[in-house]
Amino acid sequence: MNPERIGQMIKDIRKKNHLTQKQFADKYGVTYQAVSKWENGKNIPDIVLLREIGKDFEIPMEDLLDGKTSITPKKSFVKKYKWYILGIVVVFLLGIFGYFYSHHQDEFEFKTISANCNQFKLSGSIAYNENKSSIYISHIEYCGEEDTTMYQYLECNLYEVNQNTETKIQEYVKKDTSMTLEEFLKDITFKIDNYEQQCKIYKNENLYLQINATDMNGKTTTYKVPLSLDHC
């Protein structure tokens, strides 16, 4: 039994497991001065503590007493079995995704939205089932004849048409302003979640935009933009 070797072994155990002398001492109910003496070879732990140290850090008692074993940090349960745990988590998540995908993919229809009108361009999408829908429309552009008119009142409304019933879903309005139609449209984005629609199945022209532009002389120009819906 060599105190210097045992001390060096204890020091290696402590450092490679990122413990201070005080933390190591608290773990075994001694003072940090006692740990310092162990590591300097001036004293050694009693046999009970040595057995406990060996057990905690998975070092055979014989090797600990000889001071010849290369020390590796003791792995926590999570680190030791991290790949098994990760595999279980991945399988679990894939199972959840697969369940929802197989059970819900047929409940929602997904379609792209575009303008069925030569004067306007836009992009968007819609997801819906029999009860609710989510609609997103953006990048609305006027691409008709050049229009530099300054308007004092502008509005853009999104409508749903179900047979003879029209429902306004959302609107954007600019009052007491002075801007062109192009300037007005570029900042518009329709984002509607959980809309309780009238149509159970959306088809072309179930949705449309109506744009009203009133110039400085009080003259109003109205554009109706039917929306085309195509399967993604």
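The values are calculated or read from the model by the stated rules, or taken from the named source; none is laboratory data. These numbers were taken from a predicted model, which means no experiment stands behind them. As a convention, Cβ positions derive from the backbone with ideal geometry for all residues, glycine included, and neighbour counts pool all protein chains shown.
Tabulated data for the structure shown
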item: Selection count where residues are touching a residue at least 60 places away in the same chain (Cβ under 8 Å) and surrounded by 15 or more Cβ atoms within 10 Å (Cβ to Cβ), scope the range 150-175; result: 4
item: Matching residues in the range 174-222 - criterion: being within 31 Å of the chain's Cα centre (by Cα), among the hydrophobic types (A, V, I, L, M, F, W, C) and farther than 16 Å from residue 115 by Cβ; result: 192, 201
item: Residue in the range 176-209 that is nearest to residue 123 (Cα to Cα), counting only those that are in contact (Cβ under 8 Å) with a residue 60 or more places away in the chain and of a type in the set (Ser, Thr, Tyr); result: 202
item: Considering residues of the range 176-232 that are surrounded by 15 or more Cβ atoms within 10 Å (Cβ to Cβ) and among the polar types (S, T, N, Q) only, the residue modelled with the lowest pLDDT; result: 197
item: Residue count, the range 44-60 (criterion: within 50 Å of the chain's Cα centre (by Cα) and assigned to a helix (DSSP H, G or I)); result: 8
item: Selected residue (criterion: nearest to residue 168 (Cα to Cα)) from residues of the range 141-156 that are at pLDDT 95 or above and assigned to a strand (DSSP E or B); result: 156
item: Within the range 169-198, considering residues that are among the polar types (S, T, N, Q) and assigned to a strand (DSSP E or B), the one farthest from residue 209 (Cα to Cα); result: 194
item: Number of positions in the range 126-149 that are surrounded by fewer than 16 Cβ atoms within 10 Å (Cβ to Cβ) and touching a residue at least 60 places away in the same chain (Cβ under 8 Å); result: 5
item: Residues of the range 192-232 classified as hydrophobic (A, V, I, L, M, F, W, C) and over 19 Å from residue 182 (Cβ atoms), total; result: 7
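Per-residue answers, yes or no, for (1) under 51 Å from the mean Cα position of the chain (by Cα); (2) surrounded by 17 or more Cβ atoms within 10 Å (Cβ to Cβ); (3) among the basic types (Lys, Arg):
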{"residue": "5", "(1), (2), (3)": "no, no, yes"}
{"residue": "16", "(1), (2), (3)": "yes, no, yes"}
{"residue": "29", "(1), (2), (3)": "yes, no, no"}
{"residue": "35", "(1), (2), (3)": "yes, yes, no"}
{"residue": "39", "(1), (2), (3)": "yes, yes, no"}
{"residue": "42", "(1), (2), (3)": "no, no, yes"}
